[in-house]
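Q: The structure follows.
Just so it is clear, none of the values below were taken in a lab; they were calculated from the coordinates. All values derive from a computational prediction rather than experimental measurement. Don't worry about glycine lacking a Cβ; one is built from the backbone with ideal geometry, like all the others, and counts go over all protein chains shown.
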Amino acid sequence: MDPGGVRGSTVELRQLRYFVAVAEELHFGRAAERLSVVQPAVSQQVARLERELGVRLLERSSRRVALTGDGARLLAEARAALAAADNVRALAAELAAGRAGILRLGTSPGLADRLHRGVSAMRRSVPDIGLELVHGTPAAHCAAIRAGQLDLALVRGPVRGPGLRTVELWREPLHAVLPASHPAAAAPALPVDALAGMVLRLPARTAEPALHDAVLAACHHAGFVPCFGRPMGSAQDTVVEIGASRDEVAIVYCESGPVTPGVAIRPLDPALTVPGHLVAPAAGAEECLAALTAAFG
């Protein structure tokens, strides 16, 4: 299958479901009976899927239907996509029990892109699901999940404790924000041992324990104890303060966002990353956790 052929296409779950039925039955009439629809509808949807993808999925003759090579490759992916969609529907039904389909999701700063992708993936299968975002610390989110006040949370750093299930979804690199005039800003990355000669700004540990611990462990490994400045406030305010300083450096999760004059953003060397986890109640159904992992991963 040529990946370029699917660019800009819009594939519907119904098309995939009809294609899978025909591919498994190798007969349009039997597929239509299985789907409880008329045979022309199956033919039309499969033909539309082929047009959308720009490939032939089935070889048709008066006597037989057979999968093409591209069709065989798509069949496995189509089955996986339909299974994920069914899991998301099961999750929505579980959430909707007594709560009108509201997903209560604990989140953290800097996760907007991941949240948008995950919620969009869920709404493609469950358009009516509602969303309530709750901001807080990892510890607060875990306590709220145990108490039944949150359905799940996206948190950075290790998560432990009874009543929780966790899945690592991503690794998030840490970056240094330092004055553009500082000599260390001339290099493409900031060596961790360069922090020894600078004033280090970090979020309060209660707010970002994983970031705080990762940086301190790296400094300890490099053989020094950092000189701490004031704890960071908002990311935007801290960036402005760094730009007006001489030797302050802040450690943040990502380098996205508008460029601020007078400020350089550099990865650390050696690289530091913090794991990101999906946290859910331990009593949740396995298929629901799999659907959430697929959506937000």
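Q: Rounded to two decimals, what is the ratio between the C-alpha radius of gyration of the chain and 2.2 N^0.38 Å?
A: Working it through for the chain, the quotient is 1.31.
Q: Among G110, G223, H175, whose Cα lies farthest out toward the positive end of the dipole of the chain, if unit charges sit on the beta carbon of Lys, Arg (+1) and Asp, Glu (-1)?
A: The residue sitting farthest along the positive end of the dipole is G110.
Q: While we're here: What is the extension gain from D193 to A139, computed as 0.36 nm multiplied by their sequence separation minus the C-alpha to C-alpha distance, in nm to one decimal?
A: 16.4 nm
Q: Additional query: What relative contact order, as a whole-number percentage, does the chain give when Cα pairs under 8 Å and 6 or more residues apart are counted?
A: Computed value for the chain: 21 percent relative contact order.
Q: Report the extension gain between E33 and R230 in nm, rounded to one decimal, defined as 0.36 nm multiplied by the number of residues separating them, less their alpha carbon distance.
A: Length difference between fully extended and current span is 64.0 nm.
Q: Now for a different question. Most exposed first by the Cβ proxy, i.e. fewest other Cβ within 10 Å, how do V119, V155, V177 rank?
A: Ordered by Cβ neighbours within 10 Å, fewest first: V119, V177, V155.
Q: Sticking with this structure for a sec: Nearest 500 deg cm²/dmol is fine: what mean residue ellipticity at 222 nm does the chain get from its DSSP H runs of n ≥ 4 alone, each adding -39,500 (n - 2.57), divided by its residue count?
A: Helices in the chain give a 222 nm mean residue ellipticity of -13000 deg cm²/dmol.
Q: In the calculated pair distance distribution of the range 198-265, what percentage of Cα-Cα distances lie above 15 Å?
A: The share of Cα pairs beyond 15 Å in the range 198-265 comes to 53 percent.
Q: Spin-label point model (7 Å from Cα, Cβ direction): what's the H221 to A41 distance in nm?
A: According to this spin-label approximation, the distance is 5.9 nm.
Q: So how much slack lies between V240 and S181, counting 0.36 nm per residue of separation and subtracting their Cα-Cα distance, in nm?
A: 19.8 nm
Q: Counting other C-beta atoms within 10 Å, which of I251, I102, I242 has the fewest, and how do the rest follow?
A: Neighbour counts put them in this order, fewest first: I102, I251, I242.
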